[in-house]
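Enquirer: Let me begin by handing over the structure; questions about it come next.
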Amino acid sequence: MVGLNVDRQWDEPVILEADERVLRVQSTRDALLCLKNHWRSAGPARQAAMSDCEAALMGDGSPDAALEAFLEAANEAGFRVSRWPREDA
């Protein structure tokens, strides 16, 4: 099981849009859950992003690397991607 207690908020949430769905992803844990439960395709970028998110949550990887991999996977899956400043920043 992934150590979900090592989660880190990203500087800016990622907003994914497709059809009638809008997903707000603001941390490595959110990204992993999104990849597992709400993804549109099972391409290689999704698998890489899941691995990077799991590594970051276990403390063996970088949250920044997980974010970059997540953005690549979102592009691969055809989501419209935008970034919004955090409300508490």
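The values are calculated or read from the model by the stated rules, or taken from the named source; none is laboratory data. Worth saying up front: this structure is predicted, and the values here are computed from it rather than measured. Cβ placement follows ideal geometry from the backbone for every residue including glycine, while neighbour counts extend to all protein chains displayed. Please note that ligands, DNA and RNA were not included when accessible areas were found on the heavy atoms of the full protein model with its side chains. Shrake-Rupley method; radii C 1.70, N 1.55, O 1.52, S 1.80 Å.
Enquirer: Among (1) surrounded by fewer than 19 Cβ atoms within 10 Å (Cβ to Cβ); (2) modelled with pLDDT of 90 or more, which single condition is VAL6 missing?
Expert: Result: VAL6 fails condition (2) only.
Enquirer: Here's a follow-up. Residue under question is GLY78, and the condition is that it be crowded, with 17+ Cβ neighbours inside 10 Å and modelled with pLDDT under 95; does it hold? Break it down into steps so the answer makes sense when it comes.
Expert: On the way: crowded, with 17+ Cβ neighbours inside 10 Å: no; modelled with pLDDT under 95: yes.
No: the conditions fail for GLY78.
Enquirer: If you don't mind, there's one more thing I want to ask. Please go through the range 22-40 and pick out each residue that is over 12 Å from the mean Cα position of the chain (by Cα) and at pLDDT 85 or above.
Expert: To start, the set of residues in the range 22-40 that are over 12 Å from the mean Cα position of the chain (by Cα) comprises 22, 40.
The answer is VAL22, and nothing else.
Enquirer: Quick one: in the range 35-67, of everything that is open to solvent by 80 Å² or more (accessible area, probe 1.4 Å) and not in a loop (DSSP other than H, G, I, E, B), which residue is farthest from VAL14 (Cα to Cα)?
Expert: The extreme case among them is PRO44.
Enquirer: Let me ask something additional. Name the single residue that is nearest to the chain's Cα centre (by Cα) among those in the range 68-88 being part of a helix (DSSP H, G or I) and closer than 16 Å to GLU17 by Cβ. Before you say what the answer is, go through the steps one by one.
Expert: Step one: of the range 68-88, the residues part of a helix (DSSP H, G or I) are 68-77.
Subsequent filtering for residues that are closer than 16 Å to GLU17 by Cβ retains 70-71, 73-77.
Working: PHE70: 4, LEU71: 7, ALA73: 8, ALA74: 8, ASN75: 12, GLU76: 13, ALA77: 12 Å.
Step by step, filter the range 68-88, then rank; the result is PHE70.
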